[in-house]
Amino acid sequence: QVQLVESGGGLVQAGGSLRLSCAASGSIFSINFMAWYRQAPGKQRELVATITSGGTTSYVPSVKGRFTISRDNAKNTVYLQMSSLKPEDTAVYYCNANVYDLVGKYTNNWGQGTQVTVSS
């Protein structure tokens, strides 16, 4: 059993910054892939950023240069540093992770989401 818990969301002025955290806990052997998604009202959930166990990152073009994904493997935590925020970044942000538990079972896991609201 694996849990992902996001934190760090909130209300921020356009141009400001927020840092989201997602901590994984439970029967974890390894986390090979982590990602951040977001879902704005009335829109589909979209992939924002990914990071592999080796630290290779990728970003959706709309956030590249403004957002940075990173991870702390020792803490089973992934971060999303968001800078130069725009109103269109307003969404619920979800953490996602591919996890192998202690008995060798693979699961894809979602957090419950954290709200990010960017005011104009």
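The values are calculated or read from the model by the stated rules, or taken from the named source; none is laboratory data. Given the structure is predicted, the values throughout are model-derived calculations rather than measurements. Methodologically, a virtual Cβ is constructed for each residue, glycine included, from the backbone with ideal geometry; neighbour enumeration extends over all protein chains shown. With ligands, DNA and RNA removed, areas are computed over all heavy atoms of the protein, side chains included. Shrake-Rupley method; radii C 1.70, N 1.55, O 1.52, S 1.80 Å.
Could you please let me know if residue 37 is part of a strand (DSSP E or B) and within 16 Å of residue 3 (Cα to Cα)?
No; evaluated as a whole, the condition is false for this residue.
Out of all the residues in segment 94-120, which are more than 15 Å from the chain's Cα centre (by Cα), in a strand (DSSP E or B) and modelled with pLDDT under 95?
Across segment 94-120, the qualifying residues are 100, 101, 106, 107.
Go through (1) part of a strand (DSSP E or B); (2) loosely packed, with under 14 Cβ neighbours inside 10 Å; (3) not charged (D, E, K, R) one by one and return the number of the condition residue 44 breaks.
(1)
What pairs come out if I take residues in segment 82-110 that are among the aromatic types (Phe, Trp, Tyr) and pair them with residues that are modelled with pLDDT under 95 and open to solvent by less than 20 Å² (accessible area, probe 1.4 Å) whose C-beta lies under 9 Å away, six or more apart or interchain?
Qualifying pairs under 9 Å: 100/31; 106/99.
Tell me, which residue of segment 80-92 that is open to solvent by less than 30 Å² (accessible area, probe 1.4 Å) and out of contact with any Leu (no Cβ under 6 Å at 6 or more places or on another chain) is farthest from residue 46 (Cα to Cα)?
Within segment 80-92, the match that is farthest from residue 46 (Cα to Cα) is 85.
Could you list, in sequence order, all residues of segment 1-35 that are among the β-branched types (Val, Ile, Thr), open to solvent by less than 60 Å² (accessible area, probe 1.4 Å) and closer than 25 Å to residue 89 by Cα?
Matches in segment 1-35: 12 only.
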